[in-house]
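Asker: Here you go, one structure.
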Amino acid sequence: MTDVLDADEIEAECPDGWHHDAETDEIARTFEFDSYLEGVGFAAGAGGIAEEAFHHPTITIGWREVEVRLTTHDAGGITEKDIDLAGRLNELAD
């Protein structure tokens, strides 16, 4: 099992644009796009990357934005697995 990160580790390691939602024990980011379909394309790509990593975030598609929330359910909190996937999603969005 993967070790859960404490609040200081999450703060130090969270990629740009991501924040720690302590209430839900997730890291989250809302990505913004120029169009709805661009956001849908990002969400599809994010789903593929997540599946490769065998990690399944909550992805909410809105008008010109996509919110992604990450936590490692089987570990009971935020782990390096979440931090790594967040970084990969940042790269996808760039």
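Asker: Being in contact with an Asp or Glu (Cβ under 8 Å, 6 or more places away or on another chain), farther than 22 Å from Val4 by Cα and surrounded by fewer than 15 Cβ atoms within 10 Å (Cβ to Cβ) is the filter here, so list the residues in the stretch 27-73 that pass it.
Answerer: Within the stretch 27-73, Thr30, Glu32, Thr60, Arg64, Glu65 qualify.
Asker: Looking at the stretch 5-32 only, could you name the residues that are over 20 Å from Ala46 (Cβ atoms) and either of a type in the set (D, E, K, R) or not in a helix (DSSP H, G or I) (or both)?
Answerer: Result: Leu5, Asp6, Asp8, Glu9, Glu11, Ala22, Glu23, Asp25.
Asker: Further question on the same structure: Here's a check for you: in the stretch 38-61, which residue that is outside any helix (DSSP H, G or I) and touching a helix residue (DSSP H, G or I) at 6+ places or on another chain (Cβ under 7 Å) is farthest from His73 (Cα to Cα)?
Answerer: Going residue by residue through the stretch 38-61, those that are outside any helix (DSSP H, G or I) are 53-61.
Restricting the remaining residues to those that are touching a helix residue (DSSP H, G or I) at 6+ places or on another chain (Cβ under 7 Å) gives 53, 55-57, 59, 61.
Working: Ala53: 14, His55: 10, His56: 10, Pro57: 10, Ile59: 15, Ile61: 22 Å.
This residue is Ile61.
Asker: In this structure, does Asp3 turn out to be among the acidic types (Asp, Glu), closer than 14 Å to Leu89 by Cα and exposed (fewer than 13 other Cβ atoms within 10 Å of the Cβ)?
Answerer: Values: among the acidic types (Asp, Glu): yes; closer than 14 Å to Leu89 by Cα: no; exposed (fewer than 13 other Cβ atoms within 10 Å of the Cβ): yes.
Considered against the rule, which asks whether it is among the acidic types (Asp, Glu), closer than 14 Å to Leu89 by Cα and exposed (fewer than 13 other Cβ atoms within 10 Å of the Cβ), Asp3 comes out as no.
Quick note: the coordinates plus some simple rules give every number you see, no bench work behind them. This is a predicted model, so every value here is computed, not measured. Neighbour counts run over all protein chains shown; Cβ positions are idealised from the backbone, glycine included.
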